[in-house]
Amino acid sequence: MDRKIDYKKTKKRLDGRKMDETRPLSIKTGVIENADGSAYLEWGQNKIYAAVYGPREVLPKHTANPLKSVIKVEYRMTSFSVPQRKRPGPNRRDQEISKVLGEALSRAVFVEQFPNTEIGVYVEVVDANAGSRVACLTAASVALADAGMPMRDMVAATGVGKAYGELVIDLNKDEEDAPDAVDIPIAILPNSEEIVLLQMDGLLTRKEWDAVAKLGIKGCKQVYEVQKKALVNKFELSEAKGKGQATKTVKKKAVKKTVKKVKK
Amino acid sequence: MKKVVIPGEILFEERKRLGSNVFVSEGKIYSKVLGITDNENETATVVPLQGPYVPRRDDSVVGVITRENFAGYGVNINSFNECFIPKSAMRTPLTLGDVIIAKVSNVSELKEADLTFPKRMGDGEVISVNPVRSPRLIGKNGSMLDILSQGTDCEVFIGKNGRLWARNGDLELLKKTVKFIEENSYKSNLTNAVESLLRK
């Protein structure tokens, strides 16, 4: 990327966003029929599927905890999710992300309600463009809620950091590759603002850090609103209609339409 | 007014009698699950829309025999733990895949259920439903169950564990109706809708 780019001068980011604007985010729940809970997330170019199975028997058995449920997260990237083909097996990065996601989710779920069991969370990255771990965490949290797991709160996550001399939210790949890039994935429980995931890559001054932490929490709260919408919109609180009743309303509409046509 | 809430959503900021699926943190009452709440109720309760089956004492359940050993049988009751019934509890021996109905007599701290009064069910079909929506299939004082069994001429037994056993009658219509109830369980006026569906 060109070293002459300076966000302080341009006031806008490479993709035209403001400094505190996230990429467009949309979440859909219940996309995998055989899973207990699932979600599909599109966040900018990131496309992620998350599925939840359980609580179920723990395997291997020595990993069971008689006091609580174990959340086992499997983060995978498909081989075609990145520009250069990724070897399909789990690598060190996948293992690390699976671990940190599991720890973040364990804080949100009431794991002590299901002793001696495991909750399997599978997240598959179909398309990636920076910030895939926060996108996965957001999707996994929605999938857990969709599975009816008792939770303290949702887990909302976003990426924040610094690129081309400015503090920005939700970095994309070009910004992540900037010479002065700092990437901080952050995840919180929105009600208590408890931080459940925080990693950092790069250098910041104390002042920048304070500003970036505030920016991160603000971003997470925006993500939380989208999560909430995705879960609530699935259930429309209206009157149930049997087949007979539904056809009646359709007929009424049809009659109204024909009346309008005749009048014209 | 009824409202769909998500886990961690604030229900009340003041003190209130606590119902199920809620928790208190710093004096505020929060929802624990994705469900429906009614803020005009006296108690703060959330009726879940999704969720696993957690056995409770006195639940009637439909189980499937999955394992047999010298002493008894392993029964799958759609919970995360397998149950066990001793051979001495049965008059006739069971085989793998047999369907039984039983009552939960006790649940341990590990949520393992003890079963009593096991009864083998003969030929019939088992239909799986969402366990948290199965109360809607039974209805108030069994009203929905009556409508189901009369409308389809089926012999129906509904377990609290999200399994329904049925035989005779119009099983296809029963499956269709059960699916309809499951999909619309959180909506009002369900009984009338089901009646009109069965009348068609």
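The values are calculated or read from the model by the stated rules, or taken from the named source; none is laboratory data. Fair warning: this is a prediction, and the values are worked out from it, not measured in the lab. Glycine also receives a Cβ, built like all others from the backbone with ideal geometry; neighbour counts cover every protein chain displayed.
Tally up the residues in the stretch A:145-167 that are within 23 Å of B:K28 (Cα to Cα) and under 13 Å from the mean Cα position of the chain (by Cα), please. Spell out the reasoning first.
Pass one, the stretch A:145-167, residues within 23 Å of B:K28 (Cα to Cα): A:145, A:148-156.
From the residues that got through so far, the ones that are under 13 Å from the mean Cα position of the chain (by Cα) too are A:145, A:154-156.
The total comes to 4.
May I ask you to list the residues in the stretch A:186-207 that are in contact with a Leu (Cβ under 6 Å, 6 or more places away or on another chain) and either assigned to a loop (DSSP other than H, G, I, E, B) or within 21 Å of A:Y164 (Cβ to Cβ) (or both)?
Result: A:I186, single match.
Would you confirm whether or not the stretch B:65-79 contains a residue that is of a type in the set (S, T, Y) and within 14 Å of chain A (Cβ to nearest Cβ)?
So far as the stretch B:65-79 goes, yes, one or more of its residues are of a type in the set (S, T, Y) and within 14 Å of chain A (Cβ to nearest Cβ).
Please state which of the following conditions A:R17 fails to meet, knowing it meets all the rest: (1) surrounded by 17 or more Cβ atoms within 10 Å (Cβ to Cβ); (2) within 26 Å of A:M151 (Cβ to Cβ).
Of (1) surrounded by 17 or more Cβ atoms within 10 Å (Cβ to Cβ); (2) within 26 Å of A:M151 (Cβ to Cβ), only one is false for A:R17: (2).
If you go through the stretch A:151-189, how many residues are surrounded by 20 or more Cβ atoms within 10 Å (Cβ to Cβ) and within 14 Å of chain B (Cβ to nearest Cβ)?
Number of matching residues: 8.
When you go through B:S60, B:S20, B:S79 one by one, which is the residue that is closer than 19 Å to B:L110 by Cβ, among the small types (G, A, S) and under 19 Å from the mean Cα position of the chain (by Cα)?
B:S79
Do we have A:I195 as of a type outside the set (K, R), free of Cβ contacts under 8 Å to residues at least 12 places away in the same chain, at negative phi and in contact with a strand residue (DSSP E or B) (Cβ under 8 Å, 6 or more places away or on another chain) here? Show your work before the answer.
Working: of a type outside the set (K, R): yes; free of Cβ contacts under 8 Å to residues at least 12 places away in the same chain: yes; at negative phi: yes; in contact with a strand residue (DSSP E or B) (Cβ under 8 Å, 6 or more places away or on another chain): yes.
For A:I195, the condition - of a type outside the set (K, R), free of Cβ contacts under 8 Å to residues at least 12 places away in the same chain, at negative phi and in contact with a strand residue (DSSP E or B) (Cβ under 8 Å, 6 or more places away or on another chain) - is met.
Based on this model, can you work out whether B:V64 counts as over 26 Å from A:D153 (Cβ atoms) and touching a residue at least 40 places away in the same chain (Cβ under 8 Å)? Let's see the steps before the verdict.
On the way: over 26 Å from A:D153 (Cβ atoms): yes; touching a residue at least 40 places away in the same chain (Cβ under 8 Å): yes.
Taking the combined requirement at face value, the residue satisfies it.
Hey, could you check the stretch B:105-114 for residues that are among the charged types (D, E, K, R) and surrounded by 12 or more Cβ atoms within 10 Å (Cβ to Cβ) and say which is farthest from B:R67 (Cα to Cα)?
Filtering the stretch B:105-114 for residues that are among the charged types (D, E, K, R) and surrounded by 12 or more Cβ atoms within 10 Å (Cβ to Cβ), the one farthest from B:R67 (Cα to Cα) comes out as B:K111.
Residue-wise test of (1) within 14 Å of another protein chain (Cβ to nearest Cβ); (2) more than 21 Å from B:A71 (Cα to Cα); (3) exposed (fewer than 14 other Cβ atoms within 10 Å of the Cβ); (4) in contact (Cβ under 8 Å) with a residue 12 or more places away in the chain.
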residue	(1), (2), (3), (4)
B:K87	no, no, yes, yes
B:V99	no, no, no, yes
B:K103	no, no, no, yes
B:T116	no, no, yes, yes
B:G124	no, yes, no, yes
B:R133	yes, yes, no, yes
B:I138	no, yes, no, yes
B:G142	no, yes, yes, no
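Select from the stretch A:45-61 the residues that are within 14 Å of another protein chain (Cβ to nearest Cβ) and either of a type in the set (K, R) or part of a strand (DSSP E or B) (or both) and list them in ascending order.
To start, the set of residues in the stretch A:45-61 that are within 14 Å of another protein chain (Cβ to nearest Cβ) comprises A:51-59, A:61.
A:A51, A:V52, A:Y53, A:G54, A:P55, A:R56, A:E57, A:K61 - these are the residues of the stretch A:45-61 that are within 14 Å of another protein chain (Cβ to nearest Cβ) and either of a type in the set (K, R) or part of a strand (DSSP E or B) (or both).
Confirm whether B:G162 is in contact with a Phe, Trp or Tyr (Cβ under 6 Å, 6 or more places away or on another chain) and within 14 Å of chain A (Cβ to nearest Cβ).
Yes: the conditions hold for B:G162.
Going by the conditions given, is B:G169 modelled with pLDDT under 90, surrounded by 15 or more Cβ atoms within 10 Å (Cβ to Cβ), farther than 23 Å from A:S238 by Cβ and of a type in the set (G, A, S)?
In short, yes.
Inside the stretch A:62-98, can you point out the residues that are assigned to a helix (DSSP H, G or I) and either more than 15 Å from A:L197 (Cβ to Cβ) or without any contact (Cβ under 8 Å) to a residue 24 or more places away in the chain (or both)? Spell out the reasoning first.
At the first step, the residues of the stretch A:62-98 found to be assigned to a helix (DSSP H, G or I) are A:62-63, A:92-98.
A:H62, A:T63, A:R92, A:R93, A:D94, A:Q95, A:E96 - these are the residues of the stretch A:62-98 that are assigned to a helix (DSSP H, G or I) and either more than 15 Å from A:L197 (Cβ to Cβ) or without any contact (Cβ under 8 Å) to a residue 24 or more places away in the chain (or both).
Among the listed residues A:L237, A:L137, which satisfies the condition of being over 20 Å from the mean Cα position of the chain (by Cα) and either within 14 Å of chain B (Cβ to nearest Cβ) or at pLDDT 95 or above (or both)? It would help to see each step written out before you state the result.
On the way: A:L137 fails: over 20 Å from the mean Cα position of the chain (by Cα).
Unique residue meeting the criteria: A:L237.
Test A:S38 against the stated conditions and say whether it is within 12 Å of another protein chain (Cβ to nearest Cβ) and assigned to a strand (DSSP E or B).
When the stated conditions are applied, A:S38 passes them.
Look at the stretch B:45-77 and say how many of its residues are in contact with a Gly (Cβ under 7 Å, 6 or more places away or on another chain), surrounded by fewer than 19 Cβ atoms within 10 Å (Cβ to Cβ) and either of a type in the set (A, V, I, L, M, F, W, C) or part of a loop (DSSP other than H, G, I, E, B) (or both).
Matching residues across the stretch B:45-77 total 1.
So A:V182 ticks every box in (1) more than 14 Å from the chain's Cα centre (by Cα); (2) within 30 Å of B:R136 (Cα to Cα); (3) among the hydrophobic types (A, V, I, L, M, F, W, C) but one. Which box is left unticked?
(2)
Residue-by-condition table, conditions (1) in contact with a helix residue (DSSP H, G or I) (Cβ under 9 Å, 6 or more places away or on another chain); (2) part of a helix (DSSP H, G or I); (3) in the same structural domain as B:E68 (by TED's automatic domain parsing):
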position: B:S105; (1), (2), (3): no, no, yes
position: B:L145; (1), (2), (3): yes, yes, no
position: B:W165; (1), (2), (3): no, no, no
position: B:V178; (1), (2), (3): yes, yes, no
position: B:T191; (1), (2), (3): yes, yes, no
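Quick check on the stretch B:170-193: of everything there that is more than 24 Å from B:T37 (Cβ to Cβ) and aliphatic (A, V, I, L, M), which residue is farthest from the other protein chains (Cβ to nearest Cβ)?
Once the filter is applied, the top-ranked residue is B:L171.
How many residues are surrounded by 13 or more Cβ atoms within 10 Å (Cβ to Cβ), more than 10 Å from chain A (Cβ to nearest Cβ) and of a type in the set (D, E) if we restrict to the stretch B:1-43?
Count: 1.
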